[in-house]
Amino acid sequence: MRNQPKTSIKKIGRFASLVQNKIMASLQADKETARLEALYRYKIVDTGAEEIFDNLVRVAALSCKTPIAAIALVDGKRQWRKSSIGLELGEFPRNVGLCSFCIEQRELLIVNDTLADSRFATNPAVTSYPQIRFYAGVPLMTADGYAIGVLSVADRSPRHLGEEQVEILRLLSRQAINQLEQRVWSKPAGDQRYKKGKGELGVVDASSLLNTSDRAARSQENRTQGNLSDRGKDPPVAEGVAQSRDDSCGVDILPAPIIQGTGETPMPQLQGTGETPMPQNEQNHPSTMQRLAEASLDPQQELLQTVLDSLPIGVWIALRQGCFLQGNPAAYRIWGIGGRLSIFDFGLGDGEAKTQNPKFSGWWKDTGKAIEPHEWGLFRAINQGETCLGDRIDIQCGDGVRKTILNSAIPLRNSQQEIIGAIAIDQDITSQQLVEKAFWENQRLIQQIADSTPAILYIYDLIEQRNIYANRQVGEILGYSPEIVQKMGSAMMPQLLHPSDRVKVAQHHQRLQAAKDGEILEIEYRMRHINGEWRWLSCRETVFTRTGDGLPKQKLGTATDITQRQEAEEQLRESKERFQAAFESAAIGMALVSPAGRWLQVNLSLCEMLGYSESELLATTLDAIAHPDDLEPDLNYVRQILDSELRSCHMEKRCFHKTGRIVWVLLSFSLVQKATGELLYFVVQIQDITKRKQAEQKISEQAALLDVTTDAILVRSLSHQILFWNQGAERLYGWKTKEALGKNAEQLLYKQISPELAAARAAVLSKGEWQGELKKVTKAGQEIIVQSRWTLMRDGAGEAKSILSVDTDITEKKKLEAQFLRTQRLESIGTLAGGIAHDLNNVLAPILMAVQLLEKKLPDAASKRLLDTLENNAKRGADLVKQILSFARGIEAKRTLVQIRHLISEIKQIAKETFPKSIEFQTDIPRDLWTLSGDATQLHQVFLNLCVNARDAMPSGGILSISAENKSIDENYAKMHLEAKVGPYIAITVSDTGTGIPTEVLERIFEPFFTTKELGKGTGLGLSTAIGIVKNHGGFVQVHSEVGKGSQFQVFLPAIETSETPQLPENLPALPGGKGELILVVDDEAAIREITKESLETYAYKVLTASDGIEAIALYAQHRQEIAVVLIDMMMPSMDGPTTIRLLQKMNPKIKIIAVSGLNSNYQFDRLEIRGVKAFLSKPYTAKELLKKIHSVVD
């Protein structure tokens, strides 16, 4: 707080003028505040939809043919849509959209394409919802020149408006303002703002203290000097003054007497005698009032009165006690006491005034401390005669509002120079304080933005040729602090600018002289870092200020460090040069091809390869010289690369030479694209491979001859690497050529290096050739036997280089030989066993007879025990001989009709009672099972023996099943199995899920005395006796076993006619026949082909036969439309069944195929069924089974 020297009241006019000028300057700076007051005057913000405004928006959208139109009102922080089409109603931030720009420039704003205008390209309303691309807005201008809102139209596509459409928008904007003005003027006039209340001396209209000009000034002041905290609210209107207490500020507001006036009474000039001014009740006395009213004023005083009443600052008179006596309208407004004359208590007088009038509360603005009475400028003016100017304080007004004012007080003296009161002058600077605060906050924000930007932000004076501002980034990029840059002055650019860039910068400044406001110019140049290095800068500059004659004075710019980018571009340029040199000098053809296939650039090698000149190639496309048959694969590769499935690809294709001949090329290409993903071109490398393709063609023709053979042909190096692999090898071993080539033959085809293999290898190296039998394995792990012939291949110098092998599969042949040898061996053993049994019977007979004689001669107990032992052992020997005889030639026994169903039921009962509970027993016996003629005891022994063996094979438990079925064996079946005969059979199958029988053991299971059981648990005669009994009954046995999966014994016994079952026909039973359908039979066994053909033709089918897969494919190609079903054997030497099936399915995916195999494997059938095979027949099969299977497939 400052103490000013005493001054004369004559300075009031000059001071008032000074204060008024200051306030007017503040008002000029606070246009936004006034604009907001103008907006709130209409009370339109946050109101509901109205038809009149909706109609205006609708007309705007229709006339301009846009999907979006709106009326938006803009306040301090937001935009609020009163009405809209194509947009949601409500409020949104002020910085979103283009309406704020229209408000600021206060005139029509048209943006034909927002993305092309740098001011709006990044605006949220452009980059996101509602994605504005076109905008036209007309500001809503009030009568006093404030833009309070915008009438706008918009579109999501760029467009232009015609002159008539623009004029319609202007008219609609004026119509909107007219509607708002009518809302204001349509309110009832002459409202009585204050009514007489209890305890008041008199109440008059506040306007009675002001003349017409006063009211106009007051109205303008209300619009410009309102408190920012009350923006958007209606100004307070007091209907009366009631006794109340504002608890928030602690100020009592009591009814105050109001001096009546006529509305034209000027502020009186008070005179005194130096005595204490008249008390409150005396002032209100009618004589006193009359005396004040009758005071005469000269013209100068009237002029002063008019000036004071029109001032926007408060001027008022305080009595000696410090009470508010009277003031101009601005004073009432500032102190919040409406339009009344009030005695406001400032705590400076006696106790009575302080208790009867509203109390003053004030705080120092700078410190926030409460103002003591003696510190109050009014106190010092009245009690000390000081003139106190410019105290910045916060006050609690009569209406409870807290304001910041600039307060001055001047002592008021009478003619005797006695202080009778004071004149107080107050300026409401609340809004100004907020504006100043916002200004400095904005300044700090701008500085923070400038300091945080990664680029140099600078202002350069074009006339003085020096930097007048630079942010901190100048130190990060060039090493100089902003202070050093400013000290450099005009010497900065000559010192730091690269000499090679000076002309460019000078030309840039010339262009800047002609630049328009808002236009941005760009330039790149080098500046020297403080460490001596050169830094590349990318600058964007615009005119910042201009001289009085409009020439650019200062430029505002940003400079980004692009040194790394420039270095990268330099490296890229060098890389391009190296690429171009390699491109031109490459020995193979190279080209750049557009995504559309047009040649963009070709080198000399490519031109020579195809016979075209460079200009001729560039005038055509890659597709134009490509062979038509190669276009589709090309397109597939291109699609995969464009879909990012491949990064590059290589293909062999045919191109046409200019002369018309075909040129085989190896074409490699990859896609080049921008970082944004935009396609640029393909880099293509083309190599002439015509000679290589011709050589490959010759080799292919030779290899085709090798593929025709059914044998497997392969060539391997001396280090066992496979060099050649024909189709026969693929069929035999299962490995495709691409899988086998390059592999180690010994690792691929052999489980282990056997002595036979080592001997073969040594023999071929020493003698040049070798042939013999070898065991090999297929891809599926199956072991096969091949007849192999090896030949040593030599190079031109006679040196050994590789081994040629030709392998023939003899696995089936070896199995038949083994079966034949086993049969002969069993017959030989049977003959020997019969002779031994005969001799043993001759030995045992006298022993048994002697025992019977000795029993009579030696009756004692000890002898009897010895004789019983001797007799029992002799009988056991006799039983053993009977088993041997049964095995050898069979024992003649009484033959009766036997029903196998009953026999199996007895065995099932025995198994359930004696076998472990962990073994599950299952049977499947049809009720119409045929009968047979045989010895029930012997057959019982056969099946019980098989069940016991099955039990022993399942020590941990499992499933033992017995099933039986009627089966008619025809000539086909009989020819495929040596022991079978044509006629009816009963097939009994005993299977288990036990350990299985290894292959090497399976061949010996029927040999007498052969057993795998522990000592004492088996004699080795069980299966040999069983096979003897079965053969004695005219039957045979088939065995199938897999290690780890179990075994299956199938016993075939001849059936006979009995009354228990339907009588069997003498000839073949009635079977389903054909209707002339053509059947293709494919089998390498001539006997099977002939008997199958004869059987089918007997039943009205037509038959074609083929001895191998190659012949079958040829026949199917000739009779494709006639062939109904193909019957294919799976095991054939030339081309096996699966390969033939695949080729036939390629020719006709819907072909009907029946697969035939002697393996009788469900696993194999499952694999074939996956490949599309319709049915499966197991060898040997009967005519009935064949006809039923074909009938089901054909139907």
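Read-outs: derived from the displayed coordinates by stated rules, not from any lab. Fair warning: this is a prediction, and the values are worked out from it, not measured in the lab. Neighbour counts are summed over all protein chains in view; Cβ atoms, including those assigned to glycine, are modelled from backbone coordinates with ideal geometry.
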Exercise for the section: Kindly state, to the nearest 0.05, the FRET efficiency for LEU1002 paired with GLN1118, given R0 = 45 Å and r defined as their beta-carbon distance. Expected result: 0.55
Practice task
Putting +1 on Lys and Arg Cβ atoms and -1 on Asp and Glu Cβ atoms, find which of ILE722, LEU618, GLN640 reaches farthest to the positive end of the dipole of segment 617-771.
Solution key: ILE722
Practice task
Apply the Karplus parameterisation 6.51 cos²θ - 1.76 cosθ + 1.60, with θ equal to phi minus 60°, to every residue of segment 989-996 and state each ³J(HN,Hα) to the nearest whole Hz, in sequence, with x for glycine and proline.
Solution key: 10, 10, 10, 9, 10, x, 6, x
Exercise for the section: Might you report the magnitude of the Cβ-based charge dipole of segment 31-86 about its Cα centre, with Lys and Arg at +1 and Asp and Glu at -1, to the nearest 20 debye? Expected result: 180
Handout entry: Calculated from backbone phi, Karplus (6.51, -1.76, 1.60) coupling profile of segment 1086-1102 in Hz, x at Gly/Pro
Key = 5, 4, 5, 4, 5, 5, 5, 4, 4, 5, 5, 5, 4, 9, 6, 9, 9
Fill in the blank from the handout: Taking segment 706-809, the lysine pairs whose C-alpha atoms sit under 15 Å apart (8 or more places apart or on different chains) add up to 8
Fill in the blank from the handout: Quick calc: nm separation of the 7 Å Cα→Cβ label points for LEU115 and SER766 -> 8.6
Problem - Simple label model, 7 Å out from Cα along Cβ direction - ARG1142 to GLN182, nm - result: 9.0
Problem - Using distinct alpha-carbon pairs, which all enter the 1/r mean, Kirkwood radius of segment 491-615 in Å - result: 18.7
Problem - Least to most buried among PHE324, PHE439, PHE1010, PHE379 (fewest other Cβ within 10 Å first) - result: PHE439, PHE1010, PHE379, PHE324
Problem - Cα-projected label distance for SER157 with GLN782, points at 7 Å along beta-carbon direction, nm - result: 7.0
Handout entry: Amide H partners (placed H, <5 Å) of ARG78, local residues excluded
Key = ARG94
Handout entry: Calculated FRET efficiency for the pair GLU817/LEU866, C-beta based, R₀ 56 Å, to 0.05
Key = 0.55
Completion exercise
The set of residues whose placed amide H lies less than 5 Å from the amide H of ASN471, leaving out same-chain residues fewer than 5 positions away, is LEU457
Practice task
Counting other beta carbons within 10 Å of each Cβ, put CYS99, CYS607 in order, fewest first.
Solution key: CYS607, CYS99
Completion exercise
Summing +1 per Lys or Arg and -1 per Asp or Glu among the other residues with Cβ less than 15 Å from MET793's Cβ gives +3
Handout entry: Per-selection metrics, segment 586-688 (Cα): Rg and Dmax in Å
Key = 13.1, 42
Practice task
Figure the gain on full extension for SER500 and GLU614 (residue separation times 0.36 nm, minus the Cα-Cα span) and round it to one decimal in nm.
Solution key: 37.1 nm
Handout entry: Using a Förster distance of 45 Å, the FRET efficiency for ALA582-ARG528 (Cβ separation, nearest 0.05)
Key = 0.75
Exercise for the section: For LEU140, list long-range residues whose amide hydrogen, built 1.01 Å from N in the peptide plane, is under 5 Å from its own amide hydrogen. Expected result: ILE148, GLY149, VAL150, LEU151
Exercise for the section: Just order 574-582, 982-990, 745-753, 958-966 by mean Cβ neighbour count inside 10 Å, highest at the front, would you? Expected result: 982-990, 958-966, 745-753, 574-582
Handout entry: Fewest-first sequence of TRP440, TRP335 by Cβ atoms within 10 Å of each Cβ
Key = TRP440, TRP335
